[in-house]
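The values are calculated or read from the model by the stated rules, or taken from the named source; none is laboratory data. These figures come from a predicted structure and were not determined experimentally. All Cβ positions, even for glycine, are placed from backbone atoms using ideal geometry, and neighbour counts span all protein chains on display.
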Amino acid sequence: MTSLPSGRKSGWGFPAPHPTFPLDPSGNLPVEKCVRLLLENPKHPGLRTHEFFSIEHPYEKGAKVFEAYVQNRTPGAYRLFWCYGPDKGEITIIAITAHR
């Protein structure tokens, strides 16, 4: 576990992606929660996952890339872009960016 500047622990082995990245009410980083839900069930309704067409799949031409919500109803809310692969049963996180 890694200690965050706030004194909270991160089970991912790295601190928050940005020093001002907001914590959700339960005290967990929203990115950690999003990644956990994604790994448990990519179709989890809380992720609001949908196909995204502006990013090419990094491993397979024409394959789908998806967008999941890290945050919702928040100015500059973060989004996570992901795809299946490179191997069967694997998920690749392509990017985590602020929604514009």
Task: Residue among E60, E90, E67 that alone is of a type in the set (D, E, K, R), surrounded by 10 or more Cβ atoms within 10 Å (Cβ to Cβ) and closer than 17 Å to K33 by Cα - done: E67
TODO: Select, from E60, E40, the only residue that is at pLDDT 85 or above and over 13 Å from the mean Cα position of the chain (by Cα).
DONE: E60
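Restricting to strands (runs of 3 or more DSSP E) lying wholly in the stretch 22-100: which have 2 or more residues that are in contact with a strand residue (DSSP E or B) (Cβ under 9 Å, 6 or more places away or on another chain) and among the aliphatic types (A, V, I, L, M)?
On the way: elements: 50-52, 65-69, 78-84, 91-98.
By residue number, 65-69, 91-98.
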